Each structure stands twice: as structure tokens, then as C-alpha cells.
Amino acid sequence: MLEQYLPYIALIIFGNIENLVLSSQGVVAGVNPVKLAVASLICVSLWLIIGTFGTQMLIQYVDIIEFIGGFAIFVLGFQAMYESVFHN
């Protein structure tokens with residue numbers, strides 16, 4: 001049963017890293033931690049729903065989805081580091 005989800009393991013890991021990057025951006029920006037936590041839970045729940053139902057429909061596009069997800073995480077991480085270093 002889990003074999004069908006193995007191609008998405010990198011995307012699952014990247015998704016967790018992305019959540020950490022977005023949270024760190026919120027902390028750097030001085031966002032209310034309670035609002036940040038609620039927004040994070042909402043996003044994670046939506047990601048779970050989309051991932052659960054979308055996996056069956058889009059399994060043939062796994063390589064493209066992983067590339068886009070990894071690139072987005074790279075851009076968000078770079079943006080977070082840039083803002084924390086140069087706008088402090």
C-alpha cells in the first residue's frame with residue numbers, strides 16, 4: 001500500500017522543510033505566534049487533503065511536482081535568509 005507513495009517521499013520531506021522556512025519568515029517579520037500557528041495548521045491540513053486526493057490523479061507527474069516543490073522551497077529559503085541578513 002505504501003509503495004505507491006514512495007515516489008513522493010522527497011516531496012513530503014520538502015513540504016516539512018517549507019513549513020519550517022515559512023515559520024521562520026513569520027518569526028523574522030514579527031508575526032503574532034498564535035496567528036502563525038493557526039495559519040500553519042490550516043495550511044498543513046489543506047496540504048494533507050490536497051495530497052491525499054491529488055496523489056491518485058497526478059502520480060504520473062511526480063518528477064515535475066517534486067522539481068517545482070524543491071525550487072519553491074529553495075526560493076523561499078533564500079528569501080528568508082536574505083531578509084534576515086540584510087534587513088536586520
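Quick check on this structure: which one of Gln79, Gln56 is on the phi < 0 side of the Ramachandran plot and exposed (fewer than 12 other Cβ atoms within 10 Å of the Cβ)? Break it down stepwise before answering.
On the way: Gln79 fails: exposed (fewer than 12 other Cβ atoms within 10 Å of the Cβ).
Sole residue among the options that is on the phi < 0 side of the Ramachandran plot and exposed (fewer than 12 other Cβ atoms within 10 Å of the Cβ): Gln56.
Considering only the range 21-46, state which residues are touching a helix residue (DSSP H, G or I) at 6+ places or on another chain (Cβ under 6 Å) and either open to solvent by 50 Å² or more (accessible area, probe 1.4 Å) or over 28 Å from His87 (Cα atoms) (or both).
Selection gives Val28 alone.
Among (1) within 14 Å of Ile12 (Cα to Cα); (2) among the aliphatic types (A, V, I, L, M); (3) over 13 Å from the mean Cα position of the chain (by Cα), where does Leu48 come up short?
(3)
The values are calculated or read from the model by the stated rules, or taken from the named source; none is laboratory data. Every value quoted in this text rests on a predicted model; they were computed, and no experiment measured them. Quick reminder, even Gly has a Cβ in these numbers, built from the backbone with ideal geometry, and neighbours come from all protein chains shown. Ligands, DNA and RNA are stripped out before the accessible areas are found, and what is left, the full protein with its side chains, is counted by its heavy atoms. Shrake-Rupley method; radii C 1.70, N 1.55, O 1.52, S 1.80 Å.
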